[in-house]
1. Can you go through Ala225, Ala191, Ala210, Ala162 and tell me which one is touching a Pro at 6+ places or on another chain (Cβ under 9 Å), modelled with pLDDT of 95 or more and among the small types (Gly, Ala, Ser)?
2. Would you mind stating whether Pro120 is open to solvent by 20 Å² or more (accessible area, probe 1.4 Å), within 18 Å of His205 (Cβ to Cβ), part of a loop (DSSP other than H, G, I, E, B) and not hydroxyl-bearing (Ser, Thr, Tyr)?
3. Out of (1) open to solvent by 30 Å² or more (accessible area, probe 1.4 Å); (2) of a type in the set (A, V, I, L, M); (3) in contact with a Gly (Cβ under 8 Å, 6 or more places away or on another chain), the odd one out for Leu135 is which?
4. Among (1) touching a Lys or Arg at 6+ places or on another chain (Cβ under 9 Å); (2) surrounded by fewer than 17 Cβ atoms within 10 Å (Cβ to Cβ); (3) closer than 19 Å to Met137 by Cα; (4) not acidic (Asp, Glu), where does Pro185 come up short?
5. Provide a single number: the residues in the stretch 160-199 that are in contact (Cβ under 8 Å) with a residue 60 or more places away in the chain and of a type in the set (Lys, Arg).
6. Of all residues in the stretch 142-155 being more than 20 Å from Arg181 (Cβ to Cβ) and out of contact with any helix residue (DSSP H, G or I) (no Cβ under 9 Å at 6 or more places or on another chain), which is modelled with the highest pLDDT?
7. As an exercise: evaluate Arg197 against (1) in a helix (DSSP H, G or I); (2) modelled with pLDDT of 95 or more; (3) crowded, with 16+ Cβ neighbours inside 10 Å; (4) not hydrophobic (A, V, I, L, M, F, W, C) and give the number of the one condition it does not meet.
8. As an exercise: evaluate Ala202 against (1) within 17 Å of Thr142 (Cα to Cα); (2) touching a residue at least 12 places away in the same chain (Cβ under 8 Å); (3) out of contact with any Asp or Glu (no Cβ under 9 Å at 6 or more places or on another chain) and give the number of the one condition it does not meet.
Amino acid sequence: MVIEQPMPEPAPGGCRTHLGARRPSSEPTQSRRTRAASIGLHPAAKPPKPRPRWLLAALLFWGLTAGAGFNAAVADEPERVLPNPFFAFDNGLMDKAHQTLAAKAQTLADLGYDGIGWRPGNVPAMRAELEKRGLRMFSLYTGLQLDATGDPWDPRLPETLAQLRGAGTIVWLTVTSRSHRPSDPAGDHRAVALIRRLADMAAAHGLRVALYPHHGFWLQTTEDAIRVAEQVDRPDVGVSFNLCHCLRAGNGP
């Protein structure tokens, strides 16, 4: 079973979620195509050859007429609603403007998000702030350490899972190791046993687990997560996909 969940995690020099994805229509924005092109430019790339003026004029005319027709068509369409919840990761609210839980929840509501992805700590208080605004806590980001001599997870996790009983929150689980390199299958046996233990804890409160691939961690790629999830072989343990970490692991163009 694969549980698909969007969203990322803060790491030094790594990926970070930015709020404000839904901009007011009056705010100038850079198109995704232009932004992707500017990011993908190679420093050694040669400048494009100049185009004839008649070609530029024709392209401009086509763009204006096609754009006008597109805008008219969009104006006639009803507003589309995403079939899945659209929520922010809490690392987008870790700044001076969002020092209180109320401030975090209010920004989410103001920007039109459905809720947040959280982590152990202040769970009941944050859930209360979210519920005041009709929002939810959709995920709980936490980790598992393969080499730990004691409990391999955050000591607050058992209490946190109890606080989320019946909330429908999905546990996003990263897996790290000091003795195994990223993606090393030699850690599979240990990982499977620990994930099953954690899944039992989560299931006792009606919660599911999604393995969270993270660049530089032992469970680094989506392929790693699928390999381990298949060995765990439980209907309440699936896989989370994070595009940022997938690309950083070398998958994609």
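1. Ala225 is the lone residue from the list that is touching a Pro at 6+ places or on another chain (Cβ under 9 Å), modelled with pLDDT of 95 or more and among the small types (Gly, Ala, Ser).
2. Details: open to solvent by 20 Å² or more (accessible area, probe 1.4 Å): no; within 18 Å of His205 (Cβ to Cβ): yes; part of a loop (DSSP other than H, G, I, E, B): yes; not hydroxyl-bearing (Ser, Thr, Tyr): yes.
So Pro120 fails the test.
3. Among (1) open to solvent by 30 Å² or more (accessible area, probe 1.4 Å); (2) of a type in the set (A, V, I, L, M); (3) in contact with a Gly (Cβ under 8 Å, 6 or more places away or on another chain), Leu135 violates only (1).
4. Checking Pro185 against (1) touching a Lys or Arg at 6+ places or on another chain (Cβ under 9 Å); (2) surrounded by fewer than 17 Cβ atoms within 10 Å (Cβ to Cβ); (3) closer than 19 Å to Met137 by Cα; (4) not acidic (Asp, Glu), the one that fails is (3).
5. 0
6. Taking the candidates together, the pick is Pro155.
7. (3)
8. (3)
The values are calculated or read from the model by the stated rules, or taken from the named source; none is laboratory data. Predicted, not measured: the structure shown is a model, and the values here were computed from it. Using ideal geometry, Cβ is built from the backbone for each residue, glycine included, and neighbour counts are taken over all protein chains shown. SASA here: full protein model, heavy atoms, side chains in, ligands and nucleic acids out. Shrake-Rupley method; radii C 1.70, N 1.55, O 1.52, S 1.80 Å.
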